[in-house]
Amino acid sequence: MASALHAVRKLNYIAVEKKPKRALIIGAGTIGLLLLIVLKHMKIVDEVYISDKIPFKLEVARELGADRVLTPAELSNYNSYFDIVFEAVGGFAIEKTINLAISALREKGVIVLLGAVEISPRVRLGIFHVKEGFLIGSFTSTYQDYIEAYNLVNHRSIKLSRLITHRLPLSDAPKAIRIALSGESIKAMLIGE
């Protein structure tokens, strides 16, 4: 949660000409869904779209209030559409997702990179350059982000329970790992016996 708050706060470093209308989150895993919750709570933008290749994760995003959910194929219909794009996938998919982010970004828009980058991706910088876009990296969170996250959850301003999709006894740890790796969960919780 604190990482999502930290990423949204990074937008304060960019002088935006007008209030951003539309944000896209690429990746509906834990961080992507936390970004969705934070953006909806803070009312940073009017609409929040989220994209993922796994239908289950898109359904959870819809339940959490996404204005629209998109598959990667559907996202190709939204070129130059978003004021802010959060890349929350990373890993070895970064080459594809960062280029999707650049395509989806409007002129003078902002890309916030949250996904852990494990390779040196080939990036379509020419398109990004012509769009005069901004790229912000957001790697971790601050003490203040943790305090704010704690307060939001503690005061029940934000509910996170929907992110826990599986609850299993500790003795089922191997099963929990298989579920987590399948992509058909958000968070699998192990409960002591």
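The values are calculated or read from the model by the stated rules, or taken from the named source; none is laboratory data. Here the structure is a predicted model, which is why all the values come from computation and not from measurement. All Cβ positions, even for glycine, are placed from backbone atoms using ideal geometry, and neighbour counts span all protein chains on display. To get the accessible areas, we keep the full protein, side chains included, count just its heavy atoms, and leave off ligands, DNA and RNA. Shrake-Rupley method; radii C 1.70, N 1.55, O 1.52, S 1.80 Å.
Working carefully through the options THR30, THR71, find the one that is in contact (Cβ under 8 Å) with a residue 40 or more places away in the chain, in contact with a Leu (Cβ under 9 Å, 6 or more places away or on another chain) and over 19 Å from ILE111 (Cβ atoms).
Values: THR71 fails: in contact (Cβ under 8 Å) with a residue 40 or more places away in the chain.
Answer to the check: THR30.
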Qualifying positions in segment 163-193 - open to solvent by 80 Å² or more (accessible area, probe 1.4 Å) and closer than 19 Å to LEU33 by Cα: ARG167, LEU181, GLU184, LYS187
Is there any pair linking a residue in segment 97-114 that is in contact (Cβ under 8 Å) with a residue 12 or more places away in the chain to one that is of a type in the set (Asp, Glu) and open to solvent by 20 Å² or more (accessible area, probe 1.4 Å), with Cβ under 6 Å and at least six apart or on different chains, and which? LYS108/GLU132
Residue pairs within 9 Å by beta carbon, gap of at least six or interchain, first lying in segment 179-193 and more than 15 Å from ALA28 (Cα to Cα), second assigned to a loop (DSSP other than H, G, I, E, B), listed first then second, are ILE179/SER185
Quick one: which residue in VAL45, VAL112 is surrounded by 23 or more Cβ atoms within 10 Å (Cβ to Cβ), more than 21 Å from SER182 (Cβ to Cβ) and not acidic (Asp, Glu)? VAL112
Just one listed residue, out of LYS131, LYS159, is at pLDDT 90 or above and not aliphatic (A, V, I, L, M), and it is LYS131
